[in-house]
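Engineer: Take a look at the following structure, please.
The values are calculated or read from the model by the stated rules, or taken from the named source; none is laboratory data. Just so it is clear, the model here is predicted, and its values are computed rather than measured. All Cβ positions, glycine included, derive from the backbone under ideal geometry; neighbour counts span all protein chains shown. Only protein heavy atoms, including side chains, enter the accessible area calculation; ligands, DNA and RNA are left aside. Shrake-Rupley method; radii C 1.70, N 1.55, O 1.52, S 1.80 Å.
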Amino acid sequence: MPLAQPVLCKRIPTYPWGDPKDRHYVGYDQFTATGGYVGLTKALGMAPKAVIDLVKEAELRGRGGAGFPAGLKWSFLPPEDGQRRYLAVNADESEPGTFKDRLLIDFDPHLLLEGIAICMHACRLDTAYIYIRGEYHAQAKTLNRAIDEAYTHKVFGEGSRLGQINGLWPTCYVHRGAGAYICGEETGLLESLEGKRGWPRIKPPFPAVAGAFARPTIINNVETLAMVGPILDQGAAWFKSLGKGRPDGVPPTVPASFGPKLYGISGHVNRPGVYEENLGIKLSTLIEDHAAGMLNGKKFKAAIPGGISMGVLGPDEYHAELDFDIGRKHNCLGLGTAGVIVMDQDTDMVAVARNIARFFAHESCGQCTPCREGTGWMYKVLTRVEAGGGTLDDLDLLLEVSASMGAMPGTTICGLADGANWAVRTIVNKFWPEFEARVAPTRSNRVSLAVVGATH
Amino acid sequence: MAWIAKNSAGATIVRRSEPYLTPALKAKLEADVLPRYPTKRAALLPVLHAVQHEHHWLPAQALEEIAAFLDLAPAQVLDTASFYEEFWLNPKGKYLIMVCQSLSCELMGQKGLLGKISRKLGIAPGQTTPDGKYTLMTAECLGSCGSAPCALVNEVLHENIRADNFERVLDTLE
Ligand SMILES: Cc1cc2nc3c(=O)[nH]c(=O)nc-3n(C[C@H](O)[C@H](O)[C@H](O)COP(=O)(O)O)c2cc1C
Ligand code: SF4
């Protein structure tokens, strides 16, 4: 069932409820006049723990890529000790295909600020840093404008309606990054916030225990926090009445796909943009109804479901349901950011794989050898295959290298390598005939590295 | 590529008597930026941004001044500054054109666009025009996939770019 009323896009005109041409910055006054900060008022009337329990009950899953349940994350914080605790808001949005947080920041930043304030109250966090990617110049300015309004109206700052937290008046700042995708990884973000290079940390300790400045820290994505105000306002049952819910037959411990979600759609479609829909919307519906069909009437060939880290959906997966269960059902990494990139019949999948490998080779932070070298190899091999100089050995090597790098195979610190791995592996596997046709049909019977390792 | 070590051993530092981190800028940073963070080092990115905003790039002397200002070793400042692509440790043109080359932009014609800009300016990506006016770079995803192809010109994002229009935009830059 399509989403009846927009939630995150309530004040941001979006098809089918409104025309994007009418979008404009929603300031404090308009925000409050249209039901804004009601969720905060309700939260402030509740004990902090009760707020966490409500978010837990709503089963709100993180919208930044990993889909971790937000309420559960909040409950991992140690008891208060009177010292400082931080909120790091992830507005690094650098995953190719993803441009949803930008929409919220551009037009309805108070929705984010409300979520931030609720989270600070619930988790007893005194300082929030919104870590925004450096290239978002206009968005950083917009955020500062909204934050100034929020200070004026005592959301933050001296005399804040939140009261003092850890002996301090709650504060909220914008912290600008400087052009590094890896600072979107939560611990890379924390290192960067501390003024260092954005090298992801080895976990544990997890940020909830020792995060920014070695203090307990919550990290959430912009869209996750923006959802918190409406949940406080309208309740967990309302939230759970939206979206796809829990897959059939799985125990209640398995995280489910509740609520609406922002879907970014780009590539070969007529009306690219950000749309809000129930979790679980079909890819075909998103393309045909929201994005007004394929560009130039061409045929669908492939789509990235949620940022290039997630891998690819092939021609027979046109009706895939875009929910948190997509990874299991469609052999990709997951829903990711729900930034969908659509490709038509004429798309060269070798070029797509090369483009993606280049991104990861460029953005690897270089700490872990399998990632630093592996992404570089994949890029070089794919460049060679694209240029026509590849052999079957190259494809074997691609699959072998990609399968061996990542936090899940256990060879790297962070998930960047898993993203590179899944992207390349799923494209090569799902479009094998296309790759095979591009290379010379020879194998050198070279012994694979994996086999060499196994003989010891 | 952040991890490629930049060889700075033996580099001579060009110095001037006038500081890059001026007393006025210092006072502003001390009032507005340092109090935001529990450590001085955490102010490093905002301070680098502020100095680069004034001077357009970050000479080695500026890094030393920033180090002294934040009680850091110059090497720590260089370590951080050299990691981030937005920090320029060498001069760049007055207008920095960053053409996005990530997937949605490539699908929507980025290669042709880049080629046209490159021919118009007479420089390859990574180069600056001899008059110091334009620097052309490729960028990874600028977060504007729905309006691809896109490019940043200094702080301004251009979306749904058509090569002819964009060339006209470049012509109007002073
Ligand atoms: C390489 C890499 C890049 C990431 N980039 C982002 C990002 O730009 N924005 C974001 O919100 N999360 C990003 N994440 C996910 C974060 O690590 C983290 O899971 C998320 O911010 C948590 O927020 P959430 O639970 O609200 O989704 C990235 C993860 C990895 C491994
Ligand atoms: S996996 Fe890659 S990006 Fe992540 S820490 Fe290791 S080298 Fe850096």
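Engineer: Rounded to the nearest angstrom and ordered from largest down, what semi-axes does the equivalent ellipsoid of region A:102-223 get from its C-alpha gyration tensor (root of 5λ)? Can you show the working numbers first?
Structural biologist: Working: eigenvalues 105, 75, 23 Å².
With the √(5λ) rule applied to region A:102-223, the semi-axes are 23, 19, 11 Å.
Engineer: Let me ask you something else. With unit charges on the beta carbons (Lys and Arg positive, Asp and Glu negative) and the dipole taken about the Cα centre of the protein assembly as shown, which residue among A:Trp422, A:Ala357, A:Ser444 sits farthest to the positive side?
Structural biologist: Working it through, the farthest residue towards the positive pole turns out to be A:Ser444.
Engineer: Quick check for me: using +1 on Lys/Arg Cβ and -1 on Asp/Glu Cβ, what's the dipole size of region B:1-91 about its Cα centre, in debye to the nearest 20? List each step's numbers first, then the result.
Structural biologist: Working: 8 positive and 10 negative charges, 19 e Å.
Once rounded to the nearest 20, the dipole reads 100 debye.
Engineer: Rounded to two decimals, what is Rg over Rh for region B:1-91 when you use alpha-carbon atoms and the Kirkwood radius?
Structural biologist: Numbers: Rg = 12.8 Å, Rh = 13.5 Å.
Rounded to two decimals, Rg/Rh equals 0.94.
Engineer: For region B:114-174, run through the trypsin sites (Lys or Arg not before Pro) and keep only the ones in DSSP coil with at most 15 other Cβ atoms within 10 Å of their Cβ. Write down the numbers at each step before the final one.
Structural biologist: Details: sites: B:Lys116, B:Arg119, B:Lys120, B:Lys133, B:Arg162, B:Arg168; in loops: B:Lys133, B:Arg162.
Those that pass, being in a loop and sparsely packed, are B:Lys133, B:Arg162.
Engineer: Anything losing 50 Å² or more of accessible area from the isolated chain to the full protein assembly: pick those residues out of region B:137-174, probe 1.4 Å, ligands and DNA/RNA ignored.
Structural biologist: Those residues are B:Glu140, B:Cys141, B:Gly143, B:Cys145, B:Gly146, B:Glu155.
Engineer: For chain A, what does the helix formula give at 222 nm: sum of -39500 (n - 2.57) over DSSP H segments with n ≥ 4, over the residue count, nearest 500 deg cm²/dmol?
Structural biologist: Working: 17 runs with 176 residues, N = 456.
It comes out at -11500 deg cm²/dmol, rounded to the nearest 500.
Engineer: Now for a different question. Which log10 I(q)/I(0) values does region B:95-172 give at q = 0.11, 0.14, 0.15, 0.28 Å⁻¹ under the Debye formula, counting every alpha carbon as one identical point scatterer?
Structural biologist: -0.22, -0.37, -0.42, -1.53
Engineer: Something else now. What residues have an amide H closer than 5 Å to that of A:Gly245, excluding those fewer than 5 places away on the same chain, when H is modeled at 1.01 Å from N in the peptide plane?
Structural biologist: Those lying under 5 Å, H to H, from A:Gly245 are A:Ser257, A:Phe258, A:Gly259.
Engineer: Please state the Cα pair-distance histogram of region A:1-89 with 5 angstrom bins from zero: what percent is in each bin?
Structural biologist: Final binned percentages: 3, 10, 13, 17, 19, 18, 11, 5, 2, 1.
Engineer: Now for a separate question. Between A:Arg145 and B:Lys28, what FRET efficiency comes out of the Förster formula 1/(1 + (r/R0)^6) with R0 = 25 Å and r the beta carbon distance, rounded to 0.05?
Structural biologist: On the way: r = 19 Å, r/R0 = 0.76.
E between B:Lys28 and A:Arg145, to the nearest 0.05, is 0.85.
Engineer: Same structure again: Which cross-chain or sequence-distant (5 or more) residues have an amide H under 5 Å from the amide H of A:Val269, H modelled 1.01 Å from N in plane?
Structural biologist: Sorted by chain and number, the residues that satisfy this are A:Leu295.
Engineer: Give me the net charge of A:Val350's neighbourhood, meaning all other residues with Cβ under 10 Å from the Cβ of A:Val350; Lys, Arg count +1, Asp, Glu -1.
Structural biologist: Details: positive: A:Arg354, A:Arg438; negative: A:Asp348, A:Glu386, A:Glu434.
Its environment carries a net charge of -1.
Engineer: Which value in deg cm²/dmol, rounded to the nearest 500, describes the helix-derived mean residue ellipticity at 222 nm for chain B, given -39,500 (n - 2.57) per DSSP H run of n ≥ 4 and division by the residue count?
Structural biologist: Working: 7 runs with 67 residues, N = 174.
Mean residue ellipticity, 222 nm, calculated: -11000 deg cm²/dmol.
Engineer: Which listed residue (A:Leu189, A:Val254, A:Gly211) has the Cα farthest towards the positive end of the charge dipole for chain A, taking +1 on Lys and Arg C-beta and -1 on Asp and Glu C-beta about the Cα centre?
Structural biologist: Looking along the dipole axis, the top candidate is A:Gly211.
Engineer: Still on this structure: Nearest 5 percent is fine: what portion of the DSSP beta bridges confined to region B:95-172 is antiparallel?
Structural biologist: On the way: 7 of 13 bridges.
Around 55 percent of the beta bridges assigned by DSSP in region B:95-172 are antiparallel ones.
Engineer: Let me ask something else about it. Looking at A:Tyr28, A:Trp17, A:Met46, which one has the Cα that reaches farthest to the positive end of the dipole of region A:13-55 (charges on Cβ: Lys, Arg +1; Asp, Glu -1)?
Structural biologist: Positive-end residue among those listed: A:Met46.
Engineer: Now for a separate question. Using a 1.4 Å probe on protein heavy atoms only, how many Å² of accessible area do A and B hide from each other, summed over both chains and rounded to 100? Write down the numbers at each step before the final one.
Structural biologist: On the way: alone 18150 and 10350 Å², together 24390 Å².
Protein heavy atoms only, the A-B interface buries about 4100 Å².
Engineer: Further, regarding this structure: With no solvent and one point on each alpha carbon, what is the Debye value of log10 I(q)/I(0) for region A:183-318 at q = 0.11, 0.13, 0.21 Å⁻¹?
Structural biologist: For region A:183-318, the Cα-only Debye profile gives -0.61, -0.82, -1.19.
Engineer: Now, a different point. At 37 °C and 0.692 mPa s, what whole-number value in µm²/s does Stokes-Einstein give for the translational diffusion of the protein assembly as shown, with Rh from the Kirkwood sum over Cα pairs?
Structural biologist: On the way: Rh = 25.3 Å.
Translational diffusion coefficient: 130 µm²/s.
Engineer: How big is the equivalent ellipsoid of chain B along its three axes, where each semi-axis is √(5λ) from the Cα gyration tensor, reported in whole Å from largest to smallest? Mind showing how you got there, number by number?
Structural biologist: Numbers: eigenvalues 217, 62, 50 Å².
Taking √(5λ) for each eigenvalue gives 33, 18, 16 Å, largest first.
Engineer: Right, something else. What list of whole percents do you get for P(r) of region A:93-174, with Cα-Cα distances grouped in 5 Å bins up to the one holding the largest distance?
Structural biologist: It works out to 3, 15, 27, 22, 16, 10, 5, 1, 0, in whole percents.
Engineer: Kindly write out, for region A:197-210 in residue order, the coupling ³J(HN,Hα) from the Karplus curve 6.51 cos²θ - 1.76 cosθ + 1.60 (θ = phi - 60°), rounded to whole Hz, with x marking Gly and Pro.
Structural biologist: 5, x, 8, x, 8, 6, 10, x, x, 7, x, 4, 9, 9
Engineer: About the Cα centre, and with charges only on the beta carbon of Lys, Arg (+1) and Asp, Glu (-1), how big is the dipole of region A:387-449? Nearest 20 debye, please. Could you put the intermediate results ahead of the total?
Structural biologist: Details: 5 positive and 7 negative charges, 5 e Å.
It works out to roughly 20 debye.
Engineer: Measuring from label point to label point, each 7 Å out along Cα→Cβ, what is the A:Lys329 to A:Arg443 span in nm?
Structural biologist: 3.5 nm
Engineer: How large is the translational diffusion coefficient of region A:312-456 in µm² per second when you combine the Kirkwood radius over alpha carbon pairs with Stokes-Einstein at 37 °C and 0.692 mPa s? Spell out each step's value before the answer.
Structural biologist: On the way: Rh = 15.9 Å.
Answer, rounded: 207 µm²/s.
Engineer: Got a sec? Which residues in region B:74-108 would a label at B:Ala9 touch, if it sits 7 Å along Cα→Cβ and we count backbone N under 11 Å?
Structural biologist: Zone members listed by number: none at all.
Engineer: Still on this model: For the protein assembly as shown, with only Lys/Arg (+1) and Asp/Glu (-1) charged at the beta-carbon, what is the dipole magnitude about the Cα centre, in debye rounded to 20? Display every interim value, and only then the final one.
Structural biologist: Details: 64 positive and 68 negative charges, 85 e Å.
The calculated dipole for the protein assembly as shown is roughly 400 debye.
Engineer: Per residue, how large is the accessible surface of region A:312-395? Use a 1.4 angstrom probe and give square angstrom. Let's see the in-between values first.
Structural biologist: Values: 2630 Å² over 84 residues.
Ligands and nucleic acids excluded, the result is 31 Å² per residue.
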